[in-house]
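Notes follow once the structure below has been shown.
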């Protein structure tokens, strides 16, 4: 019986950021000074935290001892030097780190007080600003984003053009409000298609920050 030769083929995988092949740096829409600025985020560590029954205070204390920030009890974001805690429901949060350095070890330490799920590759984030950013977002956001209604630090789980998003407001810049939006990676293409069309009339300057998730 003749022997059959077998060969093996090595398979390699190339990791791509959430915005790869979706959005590019540069100006889109109207020419001239951009009314909207978009910074595509990358390189951050992200996890969901759900406190064990009755364990929210202990979890918040543990997070503070490891990161210097506490977990917000209301729909807000708390930011520190290298971490953010973003309210996402009663006794539930997103914990974001500027980089992956030590992030796995941090999550392991927190797992004694919470159900922890690593989400770094599951979400995409973009920071939006500019004098006309609220006008652009008003085309799809169902919330009142006026400063009197949505303050700095406020966060909300909502939808944009029927796409579920997590949105929060950061400290204002000289040219206006600053927002950050996080969306499921599987919906990035649909979200960007809507956003690019909505921001086009104002002109939108797009840049990519691969080094950190915090702009």
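The values are calculated or read from the model by the stated rules, or taken from the named source; none is laboratory data. Remember, it's a predicted structure, so these values are computed and weren't measured experimentally. No Cβ is skipped: glycine too gets one built from the backbone with ideal geometry, and neighbour counts run over all protein chains shown.
Of note:
- Candidate set: region 159-176, residues that are under 22 Å from residue 190 (Cα atoms), modelled with pLDDT of 95 or more and over 14 Å from the mean Cα position of the chain (by Cα); chosen: the one surrounded by the most Cβ atoms within 10 Å (Cβ to Cβ): 160
- Taken over region 89-109, residues that are part of a strand (DSSP E or B) and surrounded by fewer than 20 Cβ atoms within 10 Å (Cβ to Cβ) amount to 2.
- Consider region 53-69 and keep the residues that are part of a loop (DSSP other than H, G, I, E, B) and loosely packed, with under 14 Cβ neighbours inside 10 Å. The one that is nearest to the chain's Cα centre (by Cα) is 68.
- Condition met for residue 161 (in the same structural domain as residue 86 (by TED's automatic domain parsing) and touching a residue at least 12 places away in the same chain (Cβ under 8 Å)): no
- Checking each residue of region 87-96 against the condition of being farther than 27 Å from residue 176 by Cα, in contact with a helix residue (DSSP H, G or I) (Cβ under 8 Å, 6 or more places away or on another chain) and at pLDDT 95 or above gives at least one match.
- Conditions (1) at pLDDT 95 or above; (2) surrounded by 14 or more Cβ atoms within 10 Å (Cβ to Cβ); (3) out of contact with any helix residue (DSSP H, G or I) (no Cβ under 9 Å at 6 or more places or on another chain): number failed by residue 140: (3)
- Residues of region 110-126 classified as crowded, with 20+ Cβ neighbours inside 10 Å and either within 17 Å of the chain's Cα centre (by Cα) or not assigned by TED's automatic domain parsing to the domain that holds residue 78 (or both), total: 4
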